[in-house]
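Working notes for the structure below.
Taken together, the values in this text are just the output of simple stated rules run on the coordinates, not laboratory data. Model, not experiment: these values are computed from the prediction. Cβ placement follows ideal geometry from the backbone for every residue including glycine, while neighbour counts extend to all protein chains displayed.
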Amino acid sequence: TQLLEQSPQFLSIQEGENLTVYCNSSSVFSSLQWYRQEPGEGPVLLVTVVTGGEVKKLKRLTFQFGDARKDSSLHITAAQPGDTGLYLCAGVGSGGSNYKLTFGKGTLLTVNP
Amino acid sequence: DAGVIQSPRHEVTEMGQEVTLRCKPISGHDYLFWYRQTMMRGLELLIYFNNNVPIDDSGMPEDRFSAKMPNASFSTLKIQPSEPRDSAVYFCASSYWGQGVNEQFFGPGTRLTVL
């Protein structure tokens, strides 16, 4: 069974601060996705990283895929209250299981004004 | 497009009752997924369909759970009989594999409470 561990589980910061959250696994994934989920809604895809060592930027968010494709990080610069939400990483399997996502339990981020 | 539609948004029932959750995927999507989310276990895949055919139901917890997809625009997840430990938020998601990217679009979820 492929497991994804996310840390920290909870994070509360002030507006303007920087933060990094992590997603780690002992398994290799063909790609990895990051989703954000707001209260009362379903997760929404932010980014997919595919190549080991890949870095993608989405405005103030920077996503990195580890060289061995087992881990990933999400860095937010100058966090804003609108960034508040549950951040989920999801590993995409390979071969016949590449339609299945394995989700971590998430990091609940609160950005205080 | 209206996105993935789920109903009801909230369901409160008593132990032993039958519960049916409904999902309308995004038109044109050929994959449909049912997930369950709890604080303890996070987001878990229960079952998924491709072109209305169940492909993998290994995540379905017990025989009390069943899912159907009679056509491309409708799916149900049924729990009979329901138990308090089934309380969770149930999500339906759909995707289109044509572009080779596994982006799943989630519905707003059904919050189920079994008393």
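Things to note:
- Proxy reagent accessibility, fewest Cβ within 10 Å first, across B:15, B:60, B:69: B:15, B:60, B:69
- Calculated log₁₀ intensity ratio I(q)/I(0) where the Debye formula runs over C-alpha points of chain A, q = 0.17, 0.24 Å⁻¹: -0.75, -1.40
- GluC sites (Glu not before Pro) within the stretch A:1-97, DSSP loop, no more than 13 other Cβ atoms inside 10 Å: A:15, A:17
- Short-range pairs are left out: with C-alpha atoms under 8 Å and at least six residues apart, the relative contact order of chain B is 37 percent.
- Other residues with beta-carbon under 10 Å from the beta-carbon of residue A:109 carry, at +1 per Lys or Arg and -1 per Asp or Glu, a net charge of 0.
- Shown for A:13, A:76: other C-beta atoms within 10 Å of each C-beta, ranked fewest to most, produce the order A:13, A:76.
- 10 Å Cβ neighbours from other chains, averaged over peptide B:102-111: 5
- Other protein chain Cβ atoms within 10 Å, averaged over every residue that makes up A:39-50: 4
- Choice from A:30, A:73, A:12 with maximal GNM fluctuation in chain A (Cα, 10 Å cutoff): A:12
- Rounded to the nearest 5, the antiparallel percentage of DSSP beta bridges internal to chain B is 90%.
- Shielding of peptide B:84-91 by partners, expressed as the average count of other chain Cβ atoms within 10 Å per residue Cβ, is 1.
- Sequence-separation-based contact order of chain A, relative, with Cα cut under 8 Å and 6+ spacing, percent: 36
- Of all lysines in the structure, the ones whose alpha carbon falls short of 25 Å from that of residue B:24, not counting any fewer than 8 places away in one chain, are A:100, B:68, B:78.
- Remark: spin-label model distance residue A:51-residue B:85 equals 4.7 nm, labels positioned 7 Å along the Cα→Cβ axis.
- Here is the list for the stretch B:1-84: GluC sites (Glu not before Pro) lying in DSSP coil, each with at most 16 other C-beta atoms within 10 angstrom of its C-beta, are B:14, B:18, B:62.
- Within the shell defined by Cβ-Cβ distances under 12 Å, the residues around residue B:47 carry a net charge of +1, with Lys and Arg each +1 and Asp and Glu each -1.
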